[in-house]
Amino acid sequence: MTFPPPIGDQFVQQDRRKIYGGDISYMMLGNFFGFDAKNTFGFQTRTDAIHIDLAETTGRVVRFTVRDDHVIESSVGAYLENRVQWADKFRTMTGLREDLYYGSDESTLQANSGKIVQAMTSPKGNLIFGPWDQTEYYLSVGQGFHSNDLRGTLTNVDALATEINFEQGNPTIVTQGKTPLLTKATGYEIGVRSEPLPDLKLDGGLCPQPQQRSDIQR
């Protein structure tokens, strides 16, 4: 994309962040309608403290700062996983996960600053058959999600287009649409795992559509 002169078509972005987090889980052996079962309870948390800035450059020389943001992104997730061995060649794994996300952004443009909280529930399930000759087959279905750039979630003003207007003496402020913080997806997978030789493991699957894998521990 080429901007009107004297604006060039280069930019530079710097991202400096500190990451904190933890993961704890507890497994209990049990009995489910007479079948051997394992129940796992878990908790995960992560916080990213981010300083990110975006500047327009020409010939690698910074012309002006588009935006400068101090972002905090925190998440906590709790999950329950149940594994049951129904038969010698058949077992299931089901689970439920709840995630809570918090984000805040202090931007150079006050209109692009703010806070947001969003929660997401994700059920998941797996049917596993085998093994036969060191090979097992599985069917997975579950819901997952991905998180988007927090700046896009809170942004109201297109900082670059607005700054270009200002550089040209035009006081017009350009608005910008927002994106969701969390986007849910439902996925399916049919696959096979095999260990044909010692220390050689093969894992392949067919996914009808892009998905978050059905892993309750993400």
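Residue-wise, which Karplus ³J(HN,Hα) couplings in Hz belong to the stretch 112-129, taking 6.51 cos²θ - 1.76 cosθ + 1.60, θ = phi - 60°, and x for glycine or proline?
Result, rounded to whole Hz: 9, 8, x, 9, 8, 10, 8, 10, 8, 9, 9, x, 8, x, 9, 10, 10, 10.
Which is farthest toward the positive dipole end of the stretch 53-118 among THR92, ASN112, VAL66, measuring Cα position about the Cα centre, with Cβ charges +1 (Lys, Arg) and -1 (Asp, Glu)?
THR92
Treating the beta-carbon of each Lys and Arg as +1 and of each Asp and Glu as -1, no other charges, what is the dipole magnitude of the chain about its Cα centre, to the nearest 20 debye?
380 debye
Accessible surface of GLU195 in the full protein assembly, 1.4 angstrom probe, to the nearest 10 Å²?
My reading of the accessible area for GLU195 is about 70 Å².
Compare the peptides 101-110, 198-207 by average per-residue count of other Cβ atoms within 10 angstrom and give them in order, highest first.
101-110, 198-207
How are the Cα pair distances of the stretch 1-92 distributed, in percent, across 10 Å bins from 0?
All Cα pairs, binned at 10 Å, distribute as 14, 23, 16, 15, 13, 11, 7, 1 percent.
Give me a comma-separated list of calculated 3J(HN,Hα) values for the stretch 183-194, in order, Karplus coefficients 6.51, -1.76, 1.60 applied at θ = phi - 60°, integers in Hz, x for any Gly or Pro.
With coefficients 6.51, -1.76 and 1.60, one gets 10, 7, 9, 10, x, 9, 8, 10, x, 9, 10, 8 Hz.
Per residue of the stretch 81-86, what does 6.51 cos²θ - 1.76 cosθ + 1.60 with θ = phi - 60° give for ³J(HN,Hα)? Whole Hz please, x for Gly and Pro, Karplus curve as stated.
Once rounded to whole Hz, the list reads 10, 10, 10, 10, 9, 6.
How many angstrom lie between the Cα centre of the stretch 73-127 and the Cα centre of the stretch 153-168?
So the separation of the two Cα centres works out to 33 Å.
Skipping prolines and chain starts, which residues have an amide H placed within reach, meaning under 5 Å, of the one on ASP158, given they are 5 or more residues away or on another chain?
Result for ASP158 returns VAL174, THR175, GLN176.
Given H placed on each backbone N at 1.01 Å, which residues far from VAL66 in sequence or on other chains put an amide H within less than 5 Å of it?
LEU54, ALA55, GLU56
How do the peptides 15-25, 130-140 rank, highest first, by the average count of neighbouring beta carbon atoms within 10 Å per residue?
Numbers: 15-25: 10.2, 130-140: 15.4.
Answer by packing, highest mean first, reads 130-140, 15-25.
Under a 5 Å amide H to amide H cut-off, with H placed in plane at 1.01 Å, what residues pair with TYR188 once short-range neighbours are removed?
Correct list: GLN209.
Can you work out D for the chain in µm² s⁻¹ from Stokes-Einstein, where Rh is the Kirkwood radius over C-alpha pairs, the temperature is 37 °C and the viscosity is 0.692 mPa s?
Taking Rh from Cα pairs, D becomes 156 µm²/s.
Given the whole protein assembly as supplied and a 1.4 Å probe, what does the accessible area of HIS70 come to in Å², nearest 10?
90 Å²
Using alpha carbons only, how many angstrom separate the centre of the stretch 17-66 from the centre of the stretch 180-209?
Centre-to-centre (Cα) distance: 21 Å.
The values are calculated or read from the model by the stated rules, or taken from the named source; none is laboratory data. Bear in mind the structure is a predicted one, so any value in this text is a computation, not a measurement. Quick reminder, even Gly has a Cβ in these numbers, built from the backbone with ideal geometry, and neighbours come from all protein chains shown. Keep in mind that these areas ignore ligands, DNA and RNA; they rest on the heavy atoms of the full protein, side chains included. Shrake-Rupley method; radii C 1.70, N 1.55, O 1.52, S 1.80 Å.
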